[in-house]
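Heads up, the thing below is written out as structure tokens.
A short reminder: the numbers here are calculations on the coordinates, not readings from a lab. Remember, predicted model here, so these are calculated numbers, not experimental data. Every residue, glycine among them, receives a Cβ derived from its backbone with ideal geometry; neighbour counts consider all protein chains shown.
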Amino acid sequence: MNQAVITGGNGTLGSAIAAALEHPDWRILAPSSTEMDVRDETAVQRFFQENDAALLVCAAGIIRDAPLLRMTRDSWDDVFAVNFKGAAACAKAVLPEMIRNGGGHIIFISSFSALHPPVGQAAYATAKAALLGLTADLARSHGERNIRINAVLPGFIETRMTESVTALRREQVRESHVLKRFNTPAEVGKFIRHLHHELPHTSGQVFQLDSRIS
């Protein structure tokens, strides 16, 4: 039986991805931060010693929005620890087994902010941009081993992480979409299922899912 691991599995997006991937031939593991803290590389290594993955989706993420001049070092480090270093640690832990198995797929959940960061989101935007560099590097490094690496930019979606966004800011973001509407977590999950199952020759790519152009 094939196995998929989705980090941040108890979040809104992680749960939607897990639901979209459900299939009798697949076992879906969606560990919460208490089950696998991606900030702890030892815990990550231990988890993947016990659980292999034909598909890894790195969806764990946090936001600590503030301009760089007002951001504390602890907040910066926390954002990088989860959004970038945690994803990199998971990829590092799962790649040896993928190499031994002759293939696998890693999907990093990045953000529109990686390409067009809004004011006051320095750490999050930088961490998510770093994931795009990691995507390209790993895709080049492991393509000959039949390991696919892709990044998905879901766009602004209604999740627990975005609950604190004010109604005014939410409408400003909506107006920046040419279709004037947001994706849902379920739609993002369906795209990830399609990417994994229906696009087996696609790697090293960045997929922006909303309708913002710049």
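Observations
- Checking each residue in the range 24-69 for being of a type in the set (Gly, Ala, Ser) and buried (at least 18 other Cβ atoms within 10 Å of the Cβ) picks out Ala30, Ser33, Ala53, Ala54, Ala59, Ala60, Gly61.
- The residue of the range 58-106 that is farthest from Pro200 (Cα to Cα), among those that are basic (Lys, Arg) and within 16 Å of the chain's Cα centre (by Cα), is Lys85.
- Complete set of residues in the range 72-105 that are of a type in the set (A, V, I, L, M, F, W, C) and surrounded by fewer than 17 Cβ atoms within 10 Å (Cβ to Cβ): Ile99
- Evaluating Val173 against the criteria (1) crowded, with 17+ Cβ neighbours inside 10 Å; (2) β-branched (Val, Ile, Thr); (3) more than 17 Å from Val5 (Cα to Cα); (4) out of contact with any Lys or Arg (no Cβ under 9 Å at 6 or more places or on another chain) leaves one unmet condition, (4).
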